[in-house]
Amino acid sequence: MLTLPSEGSLQNWLKDWLKDIALEPGVMPAILEGLKTRLHGLPERERTCVLIFDEMSIKEHLQYDSRSDTVYGFVDTGKERNPQMAI
């Protein structure tokens, strides 16, 4: 049987690991490099991981984040944004 950590343990680990990374839309090289660093030196059977992409909007809307002075809801590939509404 595979024993998994509790939800609270996972949340605490992620908060600590991501504390210096500003999360933005798109594939983030800093996250991929962080995974590479954390997995380096582990046995192959312990390096298996799953990447999940989440938080996709299914309705058109815009949201303003005053902390980053950014309007979210437009098409954003992580490299460029355009005024087309995300669908």
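The values are calculated or read from the model by the stated rules, or taken from the named source; none is laboratory data. Every value quoted in this text rests on a predicted model; they were computed, and no experiment measured them. Virtual Cβ from ideal backbone geometry, glycine too; neighbours counted across all protein chains shown.
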Kindly provide the set of residues from the range 22-35 that are assigned to a helix (DSSP H, G or I) and either of a type in the set (Val, Ile, Thr) or loosely packed, with under 10 Cβ neighbours inside 10 Å (or both), ordered by number. 29, 31
Among residues belonging to the range 38-61 that are of a type in the set (A, V, I, L, M) and at pLDDT below 80, point out the one that is surrounded by the most Cβ atoms within 10 Å (Cβ to Cβ). 51
What's the number of the condition residue 72 fails, among (1) surrounded by fewer than 10 Cβ atoms within 10 Å (Cβ to Cβ); (2) modelled with pLDDT of 75 or more? (1)
Name the residue that is farthest from residue 38 (Cα to Cα), counting only residues in the range 1-15 that are exposed (fewer than 10 other Cβ atoms within 10 Å of the Cβ) and of a type in the set (A, V, I, L, M). 1
Yes/no for residue 18 being closer than 20 Å to residue 70 by Cβ, out of contact with any helix residue (DSSP H, G or I) (no Cβ under 6 Å at 6 or more places or on another chain), modelled with pLDDT under 80 and exposed (fewer than 10 other Cβ atoms within 10 Å of the Cβ): no
